[in-house]
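Report on the structure given below.
The values are calculated or read from the model by the stated rules, or taken from the named source; none is laboratory data. Every value quoted in this text rests on a predicted model; they were computed, and no experiment measured them. Positions of Cβ are backbone-derived with ideal geometry, glycine not excepted, and every protein chain shown enters the neighbour counts. These accessible areas exclude ligands, DNA and RNA; they are computed on the full protein's heavy atoms, side chains included. Shrake-Rupley method; radii C 1.70, N 1.55, O 1.52, S 1.80 Å.
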Amino acid sequence: MPMGQCMDLKIFRYAYAVTADGYVIGGSDPGQADNPFVDVLIGTVDDPELDPDNPVFAYVAPDGGSGNAYFYYASGDGLVAGLGSGVYWWFTDTEQEADAYAERDGDSFIVCFLAGTMIATPTGEVAIETLEAGDLVLTADGSAKPVRWLARQTVSTLFADPLKVMPVRIAAGALGDGVPLRDLSVSSDHALEIDGVLVQAGALVNTASIARRTDMPEIFVYYHVELDEHALILAEGVPAETFVDNVTRRRFDNWQEAPEAPILELDLPRVKSARQLPRHIHERLAARAELLGLATRDDRVA
């Protein structure tokens, strides 16, 4: 297909052959784990937006040919597509190994902080992306705990569901006086501790003091902190959960560096949606938004 017919072009660093259930095929044949296609150009056909009823795009892979592919699902920083005749490729910017799993972003959680988020440590706040294994961080109860793993997840917005991948921005002071200290951006499924409840950020959205961001680049990176236990660290002054292995570590770019020890989850109730949010928390957040001079979604409807 002439490249003039393609729009919304992107080059993925790699394309791996995967099984029908999303596992990278081992071997050294073209497209397999030890010999992936590189610098693969893709673009949607005729229209810059994928049609949900016919999600087809064009691809050109040096040494791998060209043609049309059928989008199946977003995965990490890329996507999985079918090329026909039982052939499936994982387009990604992250190097993979044999049997690596292209997990469906739509069926799993992205639970992380954005780069630049300030994390409390015994010697002061540091940007999350500068943490390393063995560094000490402060938990909400004032304890100093060593980082076991700093997880990194690259996200592509090209074909992803915005409700899943776009960060939620919590304005400074939206949760209380000086809480957070500065605007805090976390993934929608990342939980903050409020009144003894773990509340996922997406459940707090009121489109005013707490809103989904729309200003993210096509590709960005989330970070997550793992301790020896599921705990609450202080992110911009807000008690926020650390990593817990109720999702696979293979979702992260650097999963090969991760420990394999299980983690005991905090014994706290979890709120996953706005309808589960306790009324007193909802009312307090609305009052905070008004104090900050921001109208909530409920205010505009009223």
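Under a plain spin-label model, where a point goes 7 Å from the Cα along Cα-to-Cβ, how far apart in nm are ALA140 and ASP195?
Result: 1.4 nm between the two label points.
Which of these, HIS190, HIS280, HIS230, has the largest mean-square fluctuation under a Gaussian network model of the chain (Cα springs below 10 Å)?
Judging by the Gaussian network model, the answer is HIS280.
What number comes out for accessible area per residue over the chain if the probe is 1.4 Å? Units Å², please.
Value for the chain: 46 Å² per residue.
Pairs of Cα atoms under 8 Å, at least six residues apart: use those to get the relative contact order of the chain, whole percent.
The value is 15 percent.
Carbon and sulfur atoms: what percent of the 1.4 Å accessible area of the chain do they account for?
Carbon plus sulfur share of accessible area: 50 percent.
Taking the 0 to 90 degree range and rounding to the nearest ten, how far is the long axis of helix 279-291 tilted relative to the main principal axis of the chain, both from C-alpha atoms?
90
Where the Cα atoms of region 56-163 are projected onto their three principal axes, how long is each span, largest first, in whole Å?
Extents along the principal axes, in whole Å: 57, 29, 21.
About its Cα centre, how strong a charge dipole does the chain have in debye, to the nearest 20, once Lys and Arg get +1 and Asp and Glu get -1 at the Cβ?
Dipole size: approximately 880 debye.
Out of every Cα-Cα pair in the chain, what percent are more than 34 Å apart?
29
Determine the calculated [θ] at 222 nm for the chain from helices alone, applying -39500 (n - 2.57) to every DSSP H run no shorter than 4 residues and normalising by the residue count; nearest 500 deg cm²/dmol.
-2000 deg cm²/dmol
Give me the distance in nm between label points sitting 7 Å out from Cα along the Cα-to-Cβ direction at GLU229 and LEU41, one decimal.
That separation, rounded to one decimal, is 5.5 nm.
Stick to Cα atoms and the Kirkwood definition of Rh, then tell me Rg/Rh for region 167-302.
That ratio is 0.99, to two decimals.
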